[in-house]
Amino acid sequence: VRCDRGAHASSTVALGAGARRGARLVASSTAAAGDASSFGDDADENSVSVDATGKANSLAGAVWKFVRPHTIRGTILGTTAIVTKCLLNNPELFNVSLIPRAALGLVALLCGNGYIVGINQIYDVDIDKVNKPFLPVAAGELTVPLAWAACATFAFVGASIVLTNFGPLISKLYCFGLFLGTIYSIPPFRLKQNPVAAFAIIATVRGFLLNFGVHHATTAALGLPFKWSPPILFITSFVTLFAVVISITKDLADIEGDKKFNIDTFATKLGVKGVSYLGSGLLLVNYVAAVAAALVNKQWFNQPLMIGAHVLFSVFLIAKTKALETEGFTKTAVQRYYQNIWYLFYSEYLILPFI
């Protein structure tokens, strides 16, 4: 479950996948650095969006866009990585009969994901007409009543699965995630309007609730007592900080609409340049901490992979941040940067089973 208006969660460590596609160089980087007015009408901006931007020609296509595919990929990848890690540590406990329950758990998480990103689009439709006119509700591809019906279905199906198949703790955590996703978007709470509350909600849902919940449910299904192993404790804390980065960088391309509708974000306050550097800086802290954790005790992790992968991720991040600066912080460059943030997010879960 995750909370991401501008972002959700793929399965390849394609560190070069954010290839430069027709980026414009801007003569004056000073004028472009921190102001929304630097965003021009870049012709290829949709081609580097994390979202599905093509026109939906069917109801199924509109619903697929509605659930924000990049967040769906993140949820599938994160869940699969944690379950795989638990099974690799306890291969003798694997039983084919566990597969249906695991599949139900994944469906419940995807439903929660769909509910949270969907409810946000319903209440953000006017803002999205400015910032993300390709989203299905804003584009008129999915009517508001149908969007409500989809959200109600997601919430009902997801909660029903969890309440009937998992224990009280997981049920409470799941409902708490739905609650946080609701107050993030709907009046009178609308906590997304407060940048600190917004990133706290996204970090809690994507960072703690997902990773802890999936690990707890998996160990319970295997008949094991719950305990924090170093890799699971690492990925939970790592992704919590990573979710903070996603929560602040997702608004980089949305300054125009957010200012128009009085939505306070770190991007509207600090500017594109400031938030880009802040996001990259926080991720570098994450990577340095990962390398340090591997060095502290070589028994905790697969040391060569833990250190090598995070050094490579750091180099990739620095290169893409430098590319953003070189391209003058245009809207296309910002979208490409945010796309690369998601590639790094996916990559972390890809290495989790093996660290």
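Details
- A simple charge model with +1 on the Cβ of Lys and Arg, -1 on the Cβ of Asp and Glu and nothing else charged puts the dipole of the chain at about 440 debye relative to its Cα centre.
- Solvent-accessible surface of the chain, taken per residue with a 1.4 Å probe and all protein chains present: 40 Å².
- Residues F189 and A289, FRET efficiency given R0 of 30 Å [Cβ-Cβ distance, rounded to 0.05]: 0.35
- For the chain, the fraction of 1.4 Å probe accessible surface lying on carbon and sulfur atoms is 67 percent.
- Mean separation of Cα contacts under 8 Å, 6 or more apart, over the residue count of region 229-300: relative contact order %: 37
- Per-residue ellipticity at 222 nm, computed for the chain from helices alone with -39500 (n - 2.57) per DSSP H run of at least four residues, works out to -21500 deg cm²/dmol.
- For the peptides 232-244, 54-66, 128-140, the ranking by mean Cβ contacts within 10 Å, running from highest to lowest, is 232-244, 128-140, 54-66.
- Approximate shape of region 117-186 as ellipsoid semi-axes (Cα gyration tensor, √5λ), whole Å, largest first: 28, 13, 7
- Using the Cβ-Cβ distance between D126 and K298 with R0 set to 45 Å, the FRET efficiency from 1/(1 + (r/R0)^6) comes to roughly 0.25.
- Point-to-point label distance, S58-A197, nm (Cα→Cβ direction, 7 Å offset): 4.1
- Options V67, L163, I116, ranked by Cα towards positive dipole end of the chain, top entry (Cβ charges): L163
The values are calculated or read from the model by the stated rules, or taken from the named source; none is laboratory data. For clarity, every value in this text was computed on a predicted model and none was experimentally measured. All Cβ positions, even for glycine, are placed from backbone atoms using ideal geometry, and neighbour counts span all protein chains on display. Side chains included, ligands, DNA and RNA excluded: accessible areas come from the protein's heavy atoms. Shrake-Rupley method; radii C 1.70, N 1.55, O 1.52, S 1.80 Å.
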